[in-house]
Amino acid sequence: MVELALQAQRGSFQLDIECILAAPWTVVFGPSGAGKSTLLRLIAGLNRMLQHDAGRIAIHGQPVTDSATGLHLRPGKRSTGLVAQQSALFPHLRVVDNVAYGLTDLTREVRQQRVSEMLELVGAASLANRSPRALSGGEAQRVALARALAPMPRLLLLDEPLSALDAETRDQVLTRLQSWLGEQKIQTILVTHDAADALATQAEVVVLREGKLAALGPAAEVLAAERKRLQERLGAS
Amino acid sequence: MDWQALALTLKLAALTTAILLCIAVPLAAWLALGSSRWRVLAEAVTGLPLVLPPTVLGFYLLVLLGPRTGFGRAINAALGHPLAFSFAGLVVGSVIYSLPFAVQPITAGFAAIDGSLIDAARLLGASPVRLVRTILVPLAGRSLLTATILSFLHTLGEFGVVLMLGGDIPGATRTLSIVLFNQVEGFDYTAANRTAVLLLIFCVLALVLVYARPSSLNTGSIRSRDGSRNG
């Protein structure tokens, strides 16, 4: 469960959100510049609250950011994984070493086993000994996903992480991923532009517009309302 | 050829470079990635030896390390001898004088690394030390090579600070630059030419190394097979 109460100014842009995300899968929709990525970065702790920002973020009941007390738990202490469109694989490390990067607390055997499991999960087992330079965009995104999952975070943040995959592969990965995340009880927040992702995953949907929460609810309901709103706007114009 | 001066010069340059790298890597990481408001001041102080006449720097170091200041007296008491006019004093002076030649290339190298790689490492729990050791240093290889060579060369050809702080003591503070100065002052142009050529060869070889751009160094961002950026 992620509790959000945020009022954050970024230049001329104001993020103003207050909600509780409790569903196992939440899909965040919104046009470019609506604040989706900023929201994920604030949850992950990669962006700090600035001097005039106010708000609080709690993950599974544990406060991780609180402007009132000046709390800012560093990203590595939030048990949060983030995969963005840009896979950000460490170019000097092989695929296995990338996936193992966050597993320093495990013994060698357990670490190797976990890396194999994660690569298997995302269908990238055959890439284990490759350099990130030798990967296609889609392969790199799958490896980045395995790397984020390997430490078993409590919360997974996905910012259009499978955009480089073809539709069929993306559906396969998403289905396998959703089932595995469900088993591991890892909550997921996914930013996507594809309504099919939301419907396929039976997600709760959050719609952001100009930094404000415009809608929150079950996928079918919210998407139907959004479709109607767009149709009305197109009709009006 | 004054082999003793050559050996002393190389020893001074090697020691100074090693100390500088130990100081410059964490300092550059802080300058490149930190958000402290003291960063600008630190950058200005670090860059000061670039614009300060070496004799001015040498003079202040001579005063600071001499018996007239509390600091100088404390050093004297701790070591049993003053730092001024000693090899150790030259090392201190060289480290300060060459600091920007180590810090600036490394800071630029760290700052050029794709921010998403640093974010990824932080999210995966990397401490600042691990981040520097496993991500920044390997990805800024060429900047580190440049910093190493520039620091070495700058120390090799140092004159003003050496003369002010170390004087001309054979085997202790007489470096090749001092030897060259003495040879010119004594109108021994043949010997001066030999010394100058030696310093010139060192500098050319080192700069060739800097500009050779080994392909295995500096891999802060890559393109994947299909042309999209991976990091």
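Just a few scattered comments:
- For residues of B:110-119, the mean tally of beta carbons on other chains within 10 Å: 3
- Rough spin-label spacing in nm, given labels placed 7 Å along Cα→Cβ, for A:A5 and A:E232: 3.1 nm
- Nearest-ten-degree value, helix A:167-184 long axis tilted from longest Cα axis of chain A: 90 degrees
- √(5λ) per eigenvalue of the Cα gyration tensor, region B:3-211, largest first, Å: 34, 22, 13
- Centroid-to-centroid, using Cα positions, region A:152-223 and region A:60-86 are 20 Å apart.
- Point-charge dipole on Cβ atoms (K/R +1, D/E -1) for chain B, about Cα centre, debye to 20: 720 debye
- When the charge dipole of chain A is built from unit charges on Cβ atoms (+1 for Lys and Arg, -1 for Asp and Glu) and taken about the Cα centre, the candidate among A:Q14, A:H92, A:P153 whose Cα reaches farthest toward its positive end is A:H92.
- Debye log10 I(q)/I(0) for the protein assembly as shown, one point scatterer per Cα, at q = 0.11, 0.13, 0.14 Å⁻¹: -0.93, -1.12, -1.24
- In terms of overall dimensions, region A:89-152 has a Cα radius of gyration and Dmax of 10.4, 31 angstrom.
- Of all the options B:A121, B:A14, B:A111, the one that moves most in a Gaussian network model of chain B with Cα springs shorter than 10 angstrom is B:A121.
- Between the residues A:I59, B:G160, B:L209, the greatest Cα displacement towards the positive end of the dipole of the protein assembly as shown, with unit charges on the Cβ of Lys, Arg, Asp and Glu, is found for B:G160.
- Inter-centroid distance (Cα atoms) of region B:97-121 relative to region B:1-57, Å: 15 Å
- A Gaussian network model of chain A, with springs between Cα atoms under 10 Å, assigns the largest mean-square fluctuation among A:V205, A:V83, A:V222 to A:V222.
- Sparse-neighbourhood loop sites, chymotrypsin sites (Phe, Trp or Tyr not before Pro) in region B:1-107 - DSSP loop, at most 13 other Cβ within 10 angstrom: B:W38
- The C-alpha atoms of chain B define a longest principal axis, and helix B:39-51 lies at about 40 degrees to it.
- Exposed loop sites are taken as trypsin sites (Lys or Arg not before Pro) in a DSSP loop (any state but H, G, I, E or B) with at most 15 other beta carbon atoms within 10 Å; the longest stretch of chain B without one runs B:69-224.
- Farthest toward positive dipole pole in the protein assembly as shown [+1 Lys/Arg, -1 Asp/Glu at C-beta], among A:A195, B:V197, B:Q104: B:V197
- Rounded to the nearest 20 debye, the dipole magnitude of the protein assembly as shown is 420 debye, with +1 charges on Lys and Arg beta carbons, -1 on Asp and Glu beta carbons, and the Cα centre as origin.
- Cβ-Cβ distance of B:L207 and B:T69, R₀ of 35 Å, FRET efficiency by 1/(1 + (r/R0)^6): the value works out to about 0.35.
- Between helix B:176-185 and chain B there is an angle of about 40 degrees, using the helix long axis and the longest principal axis of the Cα atoms.
- Filtered chymotrypsin sites (Phe, Trp or Tyr not before Pro), region B:113-202: DSSP coil and at most 15 other beta carbons within 10 Å: B:F187
- Stokes-Einstein translational diffusion, chain A - Kirkwood Rh over all Cα pairs, 1.306 mPa s, 10 °C, in µm²/s: 85 µm²/s
- Distance (nanometres) between label positions extended 7 Å along Cα→Cβ at B:A88 and A:T107: 4.9 nm
Bear in mind that the values in this text are calculations on the coordinates, not laboratory data. These numbers were taken from a predicted model, which means no experiment stands behind them. Here Cβ is always computed from backbone atoms with ideal geometry, including for glycine, and neighbour counts include all displayed protein chains.
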